[in-house]
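The values are calculated or read from the model by the stated rules, or taken from the named source; none is laboratory data. Here the structure is a predicted model, which means the values were calculated and not measured. Using ideal geometry, Cβ is built from the backbone for each residue, glycine included, and neighbour counts are taken over all protein chains shown. What goes into the accessible areas is simple: the full protein's heavy atoms, side chains included, and nothing from ligands, DNA or RNA. Shrake-Rupley method; radii C 1.70, N 1.55, O 1.52, S 1.80 Å.
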Amino acid sequence: MTGYDQQCMVARRAVMRWSLAAAMGGVLPAGAALISVRRARSDGSGGSGIPTGAGRPDDAGLFVAPLRVPKVLRPAATRDGVDRYEIRQIPARQRMLPEVDTPIWGYDGVFPGPTIEARRGRRVVVTHRNELPVPTVVHLHGGVTPAESDGYPVDVVLPLGQTADRATADRARAGVAGLARGSRAYVYPNDQPAATLWYHDHRMGFTGPQVYRGLAGFYLLRDDIEDQLPLPRGDRDLPLMIVDRMFAEDGSLFYPARDPSMREPGVVRAYHHSGVLGDTILVNGVAWPFHEVDAALYRLRLLNASNARQYRLRLDPPGGLIQIGSDVGLLPRPVRHDELLITPGERYDVLVDFAEYPVGTRVVLRNTLEQGRLGQVMRFEVARRVRDEARVPDLLVPAEQGPAQPSTGRHQDRRFAFFIGPEGTLLPPMINQLPFDLARVDARPKLGSTEIWDITADPTHPVHLHMAHFRVISRDSQRPAAQDAGWKDTVFVPSGGVRVEVSFAGYRGRYLLHCHNLEHGDAGMMTNVEVG
Ligand code: C2O
Ligand code: CU
Ligand code: CU
């Protein structure tokens, strides 16, 4: 038996032990037993229609805990047009399941991390101190960030007081910003339109497990254009980070790592192809929460921060998901959807009018890709009539807002094929038939240029580009889907492919193009784009 197989066995045994405990019941605190422990199908799909326990309605034990809203971080200093923040990356315990605490790694010890609120044109500097046992990297997803602050995967911050081993030091030399000991100050110019961005770990080979442990938070960028719109504010501007997780019997997060000591990257075979799928849905770190709302218009900033799971979101009873923003900014005008497919890394900024429901209505946010518990995300409870000044604007932002318009008539065309092959094969995931190589650059676009990229996927992948943003021109050789509207940084690529226009406004330097299925990225589905 190879070391690889042994690790698989060990991990499989851990999964079995914990699902057995669940089946027997009683081992877990009651609430946790109800919702937390369900074995993912061995094919890694997470499964639909998993039995939910004798005679229990599907949603027993769901919607018992209130939603938490991550607190907005206070700057440590605001001087000379710069907001300075300090974040400690620390181990902590947090209530995710009803009756048991879960050890996490959190920005300031919470998951999601504290929300950073930034203003367009106002610089933010975030100093991260690494008090975790592992090296970390922070990336601002969707940010137009200078390369030294973008969180290139080998630009690690070593744990406080630790020195680098040889391999880590060598790799960091091949990076962009090099190694940092204990802390690093990340600089964000915020020279881009208002949008829902997020920050998360991006360590080479370990992004999946480190995000899974809790290293993700919101970064809300606001601007004057948005301020002038009659959009919901305050408590009615609600960021919602959706993830799926597996829990072990003691309430700890279960990540099916090939090497549980986390010295070597990778996941056990069952998750190689699909990426890591959990059986428990959390919103803002709470399993299947409920949230009391006024009968009023709300802005929901939906973020799929899951490692690998996609959701097709729908309200039940039915109601409109009125999209006002894409990944990196507001749309020219709202687009109404009944359902929204959201793949890992994507954001959809939507308005929901809870005034359309009678007071007392319980509105479930569903995931129509699954049945049973995985088919439910959270529940809103319409509590009271109120006066509401907000409304759905007809027009949001000037159509030309966003990255620079095509600067010349000449477009460079490129092709990227994201390939992992059929389920069951254990090929490494690749882009244009090559695995990731720190030293290889696969595209050298010019700063200020616009390119046309044809991206294909086998079978499907959520494709993400750092720094530069894109617009979908066609999908499956057809017109883009309604939800492709606007500027994006992450696009779901089906096997039929997408064609995108990419605008290289921002900064020169080496940036990543990768699959945002975090296990695919960790296994090498990444490449370098050098903007020159
Ligand atoms: Cu959200 Cu390169 O990642
Ligand atoms: Cu990113
Ligand atoms: Cu992928």
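Some observations on this one:
- Put the Cα centre of the range 166-237 next to the Cα centre of the range 457-532 and the gap is 18 Å.
- If you take the alpha carbon atoms of the range 77-227 and fit the smallest convex hull around them, that volume is 116 Å³ per residue.
- Residues in the chain average 39 Å² of solvent-accessible surface per residue, probe 1.4 Å, ligands and nucleic acids excluded.
- When nucleic acids and ligands are ignored and a 1.4 Å probe is applied, His464 ends up with an accessible area of around 0 Å².
- The tail of the calculated P(r) for the chain beyond 31 Å holds 43 percent of all Cα-Cα pairs.
- Cα→Cβ-extended label distance, 7 Å offset, between Arg95 and Ala482, nm: 4.0
- The order of Arg373, Arg236, Arg508, Arg119 by accessible area, most exposed first and with a 1.4 Å probe, is Arg508, Arg119, Arg236, Arg373.
- Translational diffusion coefficient (Stokes-Einstein; Kirkwood radius from C-alpha pairs) of the range 334-471 at 20 °C, 1.002 mPa s, in µm²/s: 107
- When Glu86, Glu226, Glu249 are compared by accessible area at a 1.4 angstrom probe, the order from most to least is Glu86, Glu249, Glu226.
- For Thr368, solvent-accessible area (1.4 Å; no DNA, RNA or ligand), Å²: 50
- Within the range 399-532, the proportion of C-alpha pairs whose separation exceeds 23 Å stands at 29%.
- Solvent-accessible area of the chain (1.4 angstrom probe, protein heavy atoms only): carbon and sulfur portion equals 49 percent.
- In terms of accessible area, using a 1.4 Å probe and ignoring ligands and nucleic acids, Arg181, Arg263 rank largest first as Arg263, Arg181.
- Taking a ≥ b ≥ c as the square roots of the eigenvalues of the Cα gyration tensor, an a/c ratio of 1.5 or more together with a/b larger than b/c marks the range 115-202 as prolate.
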